[in-house]
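The values are calculated or read from the model by the stated rules, or taken from the named source; none is laboratory data. Just so we're clear, the structure is a prediction, and the values are computed from it rather than from any experiment. As a convention, Cβ positions derive from the backbone with ideal geometry for all residues, glycine included, and neighbour counts pool all protein chains shown. Heads up: the accessible areas ignore ligands, DNA and RNA and are worked out on the full protein's heavy atoms, side chains in. Shrake-Rupley method; radii C 1.70, N 1.55, O 1.52, S 1.80 Å.
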Amino acid sequence: PSEYYAFDLGVPLPYRYASRLPVSLNFHVGTQQADDDDPLSMDDYMDWSFGATIPLKAFDLSVTYTDSDLEGIDAAGEQIVFALSRSFGYGKKAGLHTEEGESPLDFPGEIVGEIGFATEQTFRGFALSDEEATVIGSLKYTHPSGFYAGMWMSNIHLDGASTADEHVKLRFWSGFTSETDFGLKWNADYY
């Protein structure tokens, strides 16, 4: 087994036209700590990324640079990833009804889904789609306290694998997020 620790930060870019075209800068640093007793595990490593996200009407456009300190592994090298995504969801009170005439059930929180396309699928510093375009989808529930849980999936094609070795990667996660009075967002999660 191994453990992965990460720190993610999103910062709104303050500039003259931010009210009409908001841009957020995104930063990530993570470290993979492998079990030293496992003969099949790789060395401990760090990965990092930074990028920007721009909302364009119904879509979000992002560009991200990602890299790691792993040597000799092509899939862990530098990547520049462009992504276009669309979010949809139902928020605050879902308005679930029990019987005719009764009050709706209170459903705290928000359910949000996302679908998008990217030039590469990266995860923890590794390229997972062999420099091929990928489709990404997710579904996430967020409680007003900041707790969240969700699932994410994408097609992957590992470097050097045959076309018969293409798969769908499915990941579940939960965590806690918050935002400071200055608009800085932070996040701690478990996959």
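Look at Gly30 and say whether it is in contact with a Lys or Arg (Cβ under 8 Å, 6 or more places away or on another chain), open to solvent by less than 60 Å² (accessible area, probe 1.4 Å), more than 16 Å from Leu128 (Cα to Cα) and part of a strand (DSSP E or B).
yes
Anything in the range 131-175 that is surrounded by 15 or more Cβ atoms within 10 Å (Cβ to Cβ), modelled with pLDDT of 80 or more and in a loop (DSSP other than H, G, I, E, B)? List them, or say none.
The answer is none; no residue qualifies.
Restricted to the range 105-130, and to residues that are more than 25 Å from Ser154 (Cα to Cα) and either modelled with pLDDT of 60 or more or out of contact with any strand residue (DSSP E or B) (no Cβ under 6 Å at 6 or more places or on another chain) (or both), which residue is least open to solvent (accessible area, probe 1.4 Å)?
Selected residue: Gly109.
So Pro22 passes all but one of these: (1) open to solvent by less than 80 Å² (accessible area, probe 1.4 Å); (2) modelled with pLDDT of 85 or more; (3) outside any loop (DSSP other than H, G, I, E, B). Which condition number does it fail?
So Pro22 meets the others, but not (3).
Just one of (1) open to solvent by 70 Å² or more (accessible area, probe 1.4 Å); (2) in contact with a Ser or Thr (Cβ under 7 Å, 6 or more places away or on another chain) trips up Tyr17, so point out which.
Of (1) open to solvent by 70 Å² or more (accessible area, probe 1.4 Å); (2) in contact with a Ser or Thr (Cβ under 7 Å, 6 or more places away or on another chain), only one is false for Tyr17: (2).
Give Ala83, Ala52 a once-over and let me know the one that is at pLDDT 85 or above, closer than 25 Å to Asn26 by Cα and touching a Gly at 6+ places or on another chain (Cβ under 6 Å).
Going through Ala83, Ala52 in turn, the sole match is Ala83.
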